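The values are calculated or read from the model by the stated rules, or taken from the named source; none is laboratory data. Being a predicted model, the structure only gives us computed values, none of them experimental. Ideal geometry is used to build each Cβ from the backbone, glycine not excepted, and the neighbour counts take in all protein chains shown. With ligands, DNA and RNA removed, areas are computed over all heavy atoms of the protein, side chains included. Shrake-Rupley method; radii C 1.70, N 1.55, O 1.52, S 1.80 Å.
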Amino acid sequence: MRNTRYAVAAMAAAAALTLSACGGDSGSDSASGSADSGSGDSIRIGIKFDQPGLGFDEGGSYSGFDVDVAKYVAGELGYGEDQIEWIETPSAQRENMLENDQVDMIFATYSITDTRKEKVAFAGPYFVAGQDLLVRSDDSEITGPEDLNGKTLCSVTGSTSAQKVKDTLANEANLVEQPSYAECVTAMQGGAIDAVTTDDIILAGLASTDANKGQFKVVGNTFSEEKYGVGIQKDSDKCEDINAAIEKMIEDGAWEEAIKKNTEGADYTFNADLNPPTMDACA
Amino acid sequence: MSQSVLFDAPGPRARRRIMVGNILGTLFILALLALVVYGLAEKGQFDAAKWNPFIEGRTWEYFMLPGLLETLKAAGVAIVTSIVFGLVFGLGRLSSVKAISWVAGLVVEFFRAVPVLLMMIFFYQFLSKSTPVPSSDVPFVAVVLALTLYNGSVIAELVRSGVFGLPKGQREAGLAIGLTRSQSLRIVEVPQALVAMLPALLSQFVVILKDSALGTFIGYTELLGYARRLASGEGNILPALLVTAAIFIILNMILTFAAQRLSRLLGARAGALLKTDEAVDPEGVPAPVR
Amino acid sequence: MEGFLELFGEYDVVGAFWVNIQLTFWAALWSLVLGTILAVMRISPIASLRWFGTAYVNIFRNTPLTIIMVFGTLALWSQLQVNLSGDFQLNFFRLAVLSLSVYHAAFVCEAIRSGVNTVPLGQAEAARSIGLSFLPAAWLIILPQAFRGAVAPLGNVLIALAKNTTVAAVASVAEASGLMKTMIEFRPDLMTQIFLTFALGFVLIVIPIGLLTTWASKKLAVAR
């Protein structure tokens, strides 16, 4: 009987430890939250953490085109780099995080659409992307989506972009869905697939990582138009200032430099008909 | 039944045959391994550039260890909440009030039948749409919730079968000294059932730990998620998956080992209390099925 | 309710579940074969086979299925060019069956081993005394009784397998969980109904398996 009591006590103790561990955690969360909204000498910027070339967590520091634009804009708004708090904003949660005031601005391959405008406001666009194809650099057969008949096309699970290609442009294409673009690229290195599809600048970012440099090229024949905007809260007064900052960034050459830097080695040139973009009017 | 009973102690000829079998078996396994390794090496999967990141401190400091921490956090919290859920609903099923035991039974049977991944996807989407849960915590809450509902239901069944497995005399003794039905459950029966079920409980923790990896697909960046993030920068997804699998295997083997030690420690006493058909396998632990 | 019905006209929910059922069927078959071989290995007189069986179970039982599944497509198909079918989509289906079988075989092996533990010592001694060597003794005497004793744990593995087929979504197989995700993304207003429908689908698959194995384990149990 005594042993039983010890065993139960041990389990209770273990439970208490785990509980207190997570209790402490949530405590620090709320503390940091209140500090942010209170002081206002820092700015919370939402980016992707897993998109090389756009928003990527390098392990303690962040890199990519979205990050560079965000830094420039924040600088123009009066925030130094050390005043920026980077927050991960996954695609499914972006509107919600703005609505719940968990982030001030979002630079995360965030396309401006009418449905999203019902919930949030957009400044920008700071880039006009388009759906494109990434192929092996020695592949000269594929120059556009029409060439994909009989080829194998990869995209991420649940993405509609590949299905659209198959339905409208290449009925004979084989579709593979992988958990992320990293798997698609690995499969392409192995020779099992012929092309990866998503927005051109995302593809360029993938192709320009150290491990992939020189192996792939972006076809450069975009067949859709995605305006990447800066997501802000509906009642935000920053829209005009952000637009001015982006315009200044384009004028002084930092914008183009940022693109070059983040897509180096990908054999990529952005669509010059649509870029650099002109700012939409603020709502 | 011990294994050696199945065959005679081998004589000289049998020993020779076994030796040949050993060698052939080893060769076959090595050949299979070599084929896979060669094929992958051919594709450059064993290039130093793909594996070097794992000997850099940076990789462990910023990716693997934070990932491990997230995995342990989700699993740890889910373990505690599953136990609570399991106790509440296990006792619910044992309740003498028909309505309570019926409802508890319905809940337990439902959540045991629904795949964890479906629950995660649903809770993630549900909580993402303007609920009081802060968005940055949504993936975590969804993972813990899904793991709790499934594994808590399994634990509820463990509690129930553990109490059923106890000799009737335990309850009768409890009632005889003037405890009510529920007091006897709480004070006499459940503690004993818990001790008897501890090994099975621990092996359920292995399931929780493994299933937490599903969180990656709803944006909860744990060990697998960090490994993939690392891999999308370094272009080494296969090596990253192998290292992640190795970490999971080691963690789970530690847990299983603890379960076996515990079951041996408690086995004799707890096993004696249980009716034979509910007895815990003395060899180890009932297979943890996710 | 109207939008709900319309949604089910639009998406092939039954078809997606049919994929899960097929995955379950084939993976159950193969994991039973593989798991039995592993179980025989683990009780065999040859040390290297015993060692292999133990290593196999320890590795695959402790690895998340997701990793095995991703590995199945990424390593086998994209790197080693393993093609299990000339048909493009069927190939992924079979790779998913392979991953599921490899994973669940470890649990099948453990279930059969627990069944072996229910066979009394005298049975093996009797088998040996009439001159049967290891394989005939295992095949004719031990395993038939072990299977009858292992029906309940095997049923649990089958239930887990049926639910785990949802993970095949990461291996480019269009099944129920992937469809549910898509449907929720397109109609977030109906997400609770969508979830309950899919959940109910699995309840309808799992509960009969549970009832059947409970019935069978009572029916087949060797009275001792």
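Residues are listed down the side, and each one gets a yes or a no for (1) in the same structural domain as A:ASP235 (by TED's automatic domain parsing); (2) surrounded by 24 or more Cβ atoms within 10 Å (Cβ to Cβ):
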| site | (1), (2) |
| --- | --- |
| A:GLU95 | yes, no |
| A:LEU98 | yes, yes |
| A:GLN102 | yes, no |
| A:PHE107 | yes, yes |
| A:GLY124 | yes, yes |
| A:GLY150 | no, no |
| A:SER161 | no, no |
| A:THR186 | no, yes |
Qualifying position, being surrounded by 14 or more Cβ atoms within 10 Å (Cβ to Cβ) and at pLDDT below 90, among A:GLY265, A:GLY231: A:GLY265
Test: residue in the stretch A:243-253 that is closer than 22 Å to A:ILE47 by Cα, out of contact with any helix residue (DSSP H, G or I) (no Cβ under 9 Å at 6 or more places or on another chain) and not small (Gly, Ala, Ser): yes
Out of B:GLY90, B:GLY67, sole residue that is open to solvent by less than 60 Å² (accessible area, probe 1.4 Å), over 30 Å from B:GLY233 (Cα atoms), assigned to a helix (DSSP H, G or I) and more than 10 Å from chain A (Cβ to nearest Cβ): B:GLY90
Selection within the stretch C:145-162 - among the small types (Gly, Ala, Ser), more than 16 Å from the chain's Cα centre (by Cα) and more than 12 Å from C:ALA216 (Cα to Cα): C:ALA146
Residue satisfying all of: in the stretch B:96-108; open to solvent by 10 Å² or more (accessible area, probe 1.4 Å) and touching a residue at least 40 places away in the same chain (Cβ under 8 Å); farthest from the other protein chains (Cβ to nearest Cβ) among these: B:SER96
Elements of type helices (runs of 4 or more DSSP H) contained in the stretch C:22-138, each with 2 or more residues being under 28 Å from B:GLY11 (Cα atoms) and more than 14 Å from chain A (Cβ to nearest Cβ): C:47-61, C:88-116, C:121-129
So A:GLN93, is it out of contact with any strand residue (DSSP E or B) (no Cβ under 8 Å at 6 or more places or on another chain), within 14 Å of chain B (Cβ to nearest Cβ) and farther than 17 Å from A:ASN243 by Cα: yes
Single condition A:GLU177 does not satisfy, out of (1) within 11 Å of another protein chain (Cβ to nearest Cβ); (2) open to solvent by less than 10 Å² (accessible area, probe 1.4 Å): (2)
Residue among A:ASN171, A:ASN212 that is at pLDDT below 90 and surrounded by fewer than 19 Cβ atoms within 10 Å (Cβ to Cβ): A:ASN171
Flag if B:SER101 is among the small types (Gly, Ala, Ser) and either within 24 Å of C:PHE198 (Cα to Cα) or part of a helix (DSSP H, G or I) (or both): yes
Helices (runs of 4 or more DSSP H) within the stretch B:160-261 that include 2 or more residues touching a residue at least 40 places away in the same chain (Cβ under 8 Å), more than 8 Å from every other protein chain (Cβ to nearest Cβ) and farther than 30 Å from B:ALA49 by Cα: B:190-211
Candidates B:LEU185, B:LEU241, B:LEU194, B:LEU224 - the one that is of a type in the set (A, V, I, L, M), in contact with a Phe, Trp or Tyr (Cβ under 7 Å, 6 or more places away or on another chain) and farther than 19 Å from B:LEU149 by Cβ: B:LEU241
C:VAL167 part of a helix (DSSP H, G or I), among the hydrophobic types (A, V, I, L, M, F, W, C) and closer than 24 Å to C:GLY9 by Cα: no
Condition check for A:GLY53: in contact with a Lys or Arg (Cβ under 6 Å, 6 or more places away or on another chain), within 14 Å of chain B (Cβ to nearest Cβ) and in a loop (DSSP other than H, G, I, E, B): no
Options C:PHE93, C:PHE60, C:PHE52: the member that is touching a residue at least 60 places away in the same chain (Cβ under 8 Å) and surrounded by 15 or more Cβ atoms within 10 Å (Cβ to Cβ): C:PHE93
